[in-house]
Amino acid sequence: MRALAFACAVLGLSILLVAAVAGGLATPGYDHARQYISELGATGAATGPAVSAAFIVSGGLQAAFWLMCIRLLPGSRLVAAGFLLSALNGLGLLAGGVFPCDAGCSLSDPSLSAVLHDVLGGLGYLCGVAGILLVAMSWRTRPEFRRLSGLALLCGMPGVMLIWMIHPGFELFGLAQRGLELAIAVWTLAVAFAIRRAPAG
């Protein structure tokens with residue numbers, strides 16, 4: 001199960017990265033700093049179907065990884081709750097693919113799909129950051145997890161600030177979103193490698 005969990009984490013993050021980079025390259029004039037990743041999977045976008053499919057697969061793999069972590073890194077209920085919240089972040093990404101936003105992710109007269117995209121995706125981000133901080137607090141007194149606890153704080157605290165910057169009122173909201181995705185990805189990979197290195201049993 002450890003190898004499967006590691007593969008889910010790495011493959012899930014890789015699919016999301018490739019979708020964002022390739023989708024941006026295939027979209028003339030796309031600006032990663034000033035546009036949402038979701039715009040690449042939006043209704044009517046040339047890359048829409050492919051990027052939405054990538055969101056679904058990536059989100060599903062990441063959710064599966066965090067659910068397996070509950071079994072592979074047993075600990076307190078707070079740790080399990082933190083992993084569960086991280087799994088909800090993956091499901092939020094999956095939902096973002098099932099319910100794409102409108103063209104350009106416009107907030108003007110949004111469709112039901114766009115509303116669900118924003119609500120479920122936003123909740124996913126909140127759950128993801130909350131999950132990181134919950135595990136950080138739970139592991140701070142565990143010597144074997146002290147380094148991971150410190151990394152969790154380094155990823156989670158900036159994540160709290162970046163969440164509030166992912167709105168059109170902030171000029172570089174696209175950059176803020178990528179920063180948040182990077183923080184979550186670093187934490188995911190750290191836990192994945194910890195699982196891979198951990199002795200069986």
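The values are calculated or read from the model by the stated rules, or taken from the named source; none is laboratory data. Since the structure is predicted, the reported quantities are computational estimates derived from the model, not experimental observations. Counting neighbours? That spans all protein chains shown, and the Cβs are built from the backbone with ideal geometry, glycine included. We work out accessible area using only protein heavy atoms, side chains counted, and drop any ligands, DNA or RNA first. Shrake-Rupley method; radii C 1.70, N 1.55, O 1.52, S 1.80 Å.
Each other residue within a Cβ distance under 14 Å of residue 174 adds +1 if Lys or Arg and -1 if Asp or Glu, for a net charge of -2.
Of the residues 175, 17, 75, the one whose Cα sits farthest towards the positive end of the charge dipole of the range 1-197 is 75 (charges of +1 on Lys and Arg Cβ, -1 on Asp and Glu Cβ, taken about the Cα centre). Rounded to the nearest 20, the Cβ-based charge dipole of the range 1-197 about its Cα centre (Lys and Arg +1, Asp and Glu -1) stands at 1160 debye. Free of any trypsin sites (Lys or Arg not before Pro) that DSSP assigns to a loop and that have at most 16 other C-beta atoms within 10 Å, the longest stretch within the chain is 35-139. With protein chains left intact and a 1.4 Å probe, residues in the range 1-197 average 48 Å² of accessible area per residue. Summarising the overall dimensions of the range 110-177 from its C-alpha atoms, the Rg and Dmax are 15.0, 50 angstrom. Farthest toward the positive end of the dipole of the chain, out of 188, 52, 119, is the Cα of 188, where the dipole comes from beta carbon charges about the Cα centre. Remark: the Cα gyration tensor places the range 10-55 in the oblate category, a/c being 1.5 or greater and a/b not exceeding b/c. With pairing defined as another cysteine C-beta under 4.7 Å, the cysteines of the chain that fail it are 8, 69, 127, 155. Over the chain, the pair-distance histogram of Cα-Cα distances with 5 Å bins from zero comes to 1, 8, 16, 21, 20, 14, 9, 6, 3, 1, 0 percent, rounded to whole numbers. With the simple spin-label model, which puts each label point 7 Å out from Cα in the Cβ direction, the residue 193 to residue 53 separation comes to 3.2 nm.
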